[in-house]
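The values are calculated or read from the model by the stated rules, or taken from the named source; none is laboratory data. This is a predicted model, so every value here is computed, not measured. Here the Cβ is made from the backbone with ideal geometry for all residues, glycine too, and neighbour counts use every protein chain on show. Areas reflect the complete protein model, heavy atoms only, side chains present, ligands, DNA and RNA absent. Shrake-Rupley method; radii C 1.70, N 1.55, O 1.52, S 1.80 Å.
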Amino acid sequence: MRDSVKTIAQVQAMREGGAILARILKELREYTKPGLNELEINDLVAEKIKKYGAKASYLEEEVKFPGVVCISVNQELVHSPPVDYVLEEGDKVSYDLTIKYKGMHTDSAFTMIVGRELKGAEKQLLTVTEKSLYAGVEAVKPGARIGDISAAVEAVLSTGRLGIVREYVGHGIGVRMHMLPNVPNYGTRGTGEMLKVGDTICIEPMASLGKEKTFVDDDGWTVSMKDGSLCAHFEHTVLVTDDGYEILTLYSA
Ligand code: MF3
Ligand code: CO
Ligand code: CO
């Protein structure tokens, strides 16, 4: 389903929901330390979602995901349910959270290293993947095509000689968590659907230090890199405005 034209109230709900989501993710980054169990983290996020008056999209939508936040560690790329695992210093962790506020969904993700500064190849992976997200965002404006975003993301990821994941893509978002159009992390400028004012899309580059192939774990959820390589995922929900874009899930104090 592609979103129909949104009301001003729906856009405002996404702006408010996006601000709540950004705050929760910022608090989660600060809270993440070696010794924390993923199940505690899930409980904390559930508490915060409630405290801020929102709902956990993964429980609201019919996906039946066992948790309120995806917590993907090391070679795990995305969609990993919270499990009984204690974070260690130097683990990579990707958090991906979608919330529903006043009937509208917003979705954002980031990747960090637990308990220490970034170094070496992992630093390259995380910084280039995040940079590719912002390059994609910069391509958003009325009249731009999905391929313009995809090509901008791909161009930056290519500079890092990273595996560019093709099996998962970004998406439209609004009254549902996953809507059309798809937003791939590779593509050709000038192709694909045209964006119009009021559209809301999730741009979410996923990349690895190795090959781009993934597989789904026995749990039926966790997507990991086939070659076991370290991988990263960053995501924002972006609104198309009259003069360009607004990142709805950007943290501002
Ligand atoms: N937030 C994810 C996305 O970026 C979706 C999670 S899928 C679920 O599209 F199954 F875990 F809910
Ligand atoms: Co997401
Ligand atoms: Co998404």
Cβ pairs under 6 Å, 6+ apart or interchain, first in segment 157-182 and within 16 Å of ARG145 (Cα to Cα) and in contact (Cβ under 8 Å) with a residue 12 or more places away in the chain, second among the basic types (Lys, Arg) and more than 13 Å from ligand 3 (Cβ to nearest atom), ordered by first then second residue, are LEU180/ARG2
Residue count, segment 183-215 (criterion: in contact (Cβ under 8 Å) with a residue 60 or more places away in the chain and not hydroxyl-bearing (Ser, Thr, Tyr)): 10
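Does GLU154 qualify as being within 23 Å of GLN12 (Cβ to Cβ), outside any loop (DSSP other than H, G, I, E, B) and open to solvent by 30 Å² or more (accessible area, probe 1.4 Å)?
no
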Looking at the structure I just gave you, is SER229 part of a helix (DSSP H, G or I) and among the hydroxyl-bearing types (Ser, Thr, Tyr)? no
Residue satisfying all of: in segment 184-221; outside any loop (DSSP other than H, G, I, E, B) and buried (at least 22 other Cβ atoms within 10 Å of the Cβ); farthest from ligand 2 (Cβ to nearest atom) among these: SER208
Are any residues in segment 82-100 open to solvent by 10 Å² or more (accessible area, probe 1.4 Å) and within 16 Å of ligand 3 (Cβ to nearest atom), and if so, which ones? ASP96, LYS100
If I filter segment 39-62 down to residues being part of a loop (DSSP other than H, G, I, E, B) and in contact (Cβ under 8 Å) with a residue 24 or more places away in the chain, which single residue comes out as nearest to ligand 1 (Cβ to nearest atom)? GLU61
